[in-house]
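Readers should treat all values here as calculations from the given coordinates under stated rules, not as data from a laboratory. Bear in mind that the values here come from a model prediction, so they are computed numbers and not experimental data.
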Amino acid sequence: MAMLVSVLGIGLLIAGVVFALMLYLTRALFAEKRLLAVTQTAREAAPETGLLAEGGASRVASERLLEQVAQWRALLGGKASPELRRRLALAGYRQQRQAEVFLAARLVLPLLLILLVSLLAREMNFLYLVLAGLGGYFAPEMWLNQAIVARRERIRLSLPDALDLLAICVEAGLGLDQAVLRVSQELALSHPDLAQELLQVHHEQRAGKPRLEAWRQLAERVPVSSIQSFVNMLVQTDRFGTPISRTLNVFSEALRTQRRQQAEELAAKTTIKLVFPLVLFIFPSIFIVTAVPAIITLMKGFSRLH
């Protein structure tokens, strides 16, 4: 009974917090809509310098909502550690508000799962509540690890295309820094992860960081073997004065050859991997379809002899 009362108390607390946040969000959206209506004439006259673009109301309201969530989280303790921000940056999330969203999810999700289990379970079991709380707490961590791995794979697959564009830009007469900026703009839609990293390299160089150091920082942010080989190639090219366009073409072709060999290796392993489902599932079915009728016929024949 005491556990049921505590679960109901937690549920009422969560419902109250969600209701208060929804009221705040509704009030913020109403205020921003009124501001949009008042400034409609000015924004139509100068849309590029308007105070709020399309979707600005929801964006401002979400920012205010995140501020409120950060304040609630600060009261309960915990903050975004440098290690967490580094891992979020590896997954492509570099803004402060994204760290706040992650921490809020890690705080609220266990409570929501505990409430859901308490409502759906027929019998109140403390073990189920503990498992729900632990699952809700570790689910954001598992998602973050998966996001980091997926982003690294996307960058690895998009690198040959970026190198081809980079070689074309260099052969057309652009310097390496201008070529990197141009490639990041061209790949913004097809390969946004790699475009974001190349744009980060460009911004670091404009801020005064040496070129080789900016590229080494890229290799640290994206621990992919092809990226590290590419950075080492740039270091060697800058040291020995090798033509950058020829080096880029050779490296891009080597990457494509490596990817083709990996695909051929996976295709060769397919034959061995098919043995187990054949033996366990397909061969018994074939045996039942082909041999069992003959066995039944033989059994009937032998029964007639007796």
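Classify the stretch 180-223 as rounded, prolate or oblate, taking a ≥ b ≥ c as the square roots of the eigenvalues of its Cα gyration tensor: rounded when a/c is under 1.5, otherwise prolate if a/b is larger than b/c and oblate if not. The partial results should precede the final answer.
Numbers: a/c = 2.98, a/b = 1.47, b/c = 2.03.
In terms of gyration-tensor shape, oblate.
Would the stretch 153-269 count as rounded, prolate or oblate if I go by the C-alpha gyration tensor, calling it rounded below 1.5 in a/c and otherwise prolate when a/b exceeds b/c, oblate otherwise?
On the way: a/c = 1.63, a/b = 1.47, b/c = 1.11.
Note, shape of the stretch 153-269 comes out prolate.
Could you derive backbone 3J(HN,Hα) for the stretch 254-270 from the dihedral phi with the Karplus parameters 6.51, -1.76 and 1.60 (θ = phi - 60°), listing whole Hz in sequence and x where the residue is Gly or Pro?
So the J values, rounded to whole Hz, are 5, 5, 5, 5, 5, 5, 5, 5, 5, 5, 5, 5, 5, 5, 5, 6, 4.
Counting pairs of alpha carbon atoms under 8 Å apart in space and at least six apart in sequence, what relative contact order in percent does the stretch 153-269 give? Can you show the working numbers first?
Details: 84 pairs, mean separation 37.0, N = 117.
Once divided by the residue count of the stretch 153-269, the mean separation gives 32 percent.
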